[in-house]
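Take a look at the structure set out below.
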């Protein structure tokens, strides 16, 4: 069984890694937690954005623990990328594009999986995405923060969406199309409305109430 050292609840307050080192490259703001979280690659930033959109996240800890294990080649150390606490439970995540996964990585992932299983956690390796996914998430995320509705467009848009019309039709039917577009993106991000993201997001995308969306 792999051994690991957990950095403790104090890690939930910031974006520092093993040994207190600052997580490099950038910070990603998450509406779910109300804070910025560190990432070391653009692939990790994508995972944080996807987690934020998932809507169930309560906390994200970057580089949460150091895992020690042995292989035929001797002792090894692995630091997973994220520990995610959500309403569904706890998930440990490693991020590595599929074309960069090597044999040693597979061993590290196997050890992380065993440790997560023993702890009752889920374990995921984020190795790739459908090509169109992040163009859609980027568009939605532009309006994820709190959005005022001074002209009262929200109620009308939500009501019109019950007719299952396209994004373009909803925008065109509004008295202020530019603001309606921003409001629709906001409601889609926050799941008041639903849209099929298994295909590219466009003006032809069908918008419907969240309780009717598949």
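The values are calculated or read from the model by the stated rules, or taken from the named source; none is laboratory data. Keep in mind the model is a prediction, meaning the values are calculated, not measured. Neighbour counts are summed over all protein chains in view; Cβ atoms, including those assigned to glycine, are modelled from backbone coordinates with ideal geometry.
Quick notes
- Residue match in the stretch 112-122 (condition: part of a strand (DSSP E or B) and in the same structural domain as residue 46 (by TED's automatic domain parsing)): yes
- The residue of the stretch 131-146 that is modelled with the lowest pLDDT, among those that are farther than 18 Å from residue 194 by Cβ and assigned to a loop (DSSP other than H, G, I, E, B), is 131.
- Checked against the criterion of being modelled with pLDDT of 95 or more, crowded, with 16+ Cβ neighbours inside 10 Å and outside any helix (DSSP H, G or I), the candidates 125, 171 yield just one match: 125.
- Residue 38 satisfies every condition listed in (1) surrounded by fewer than 19 Cβ atoms within 10 Å (Cβ to Cβ); (2) more than 20 Å from residue 105 (Cβ to Cβ); (3) at pLDDT below 95 except (1).
- Of all residues in the stretch 9-25, none satisfies being within 24 Å of residue 88 (Cβ to Cβ), at pLDDT 55 or above and buried (at least 16 other Cβ atoms within 10 Å of the Cβ).
- Of the residues 60, 77, 90, the single one that is crowded, with 22+ Cβ neighbours inside 10 Å and in a strand (DSSP E or B) is 60.
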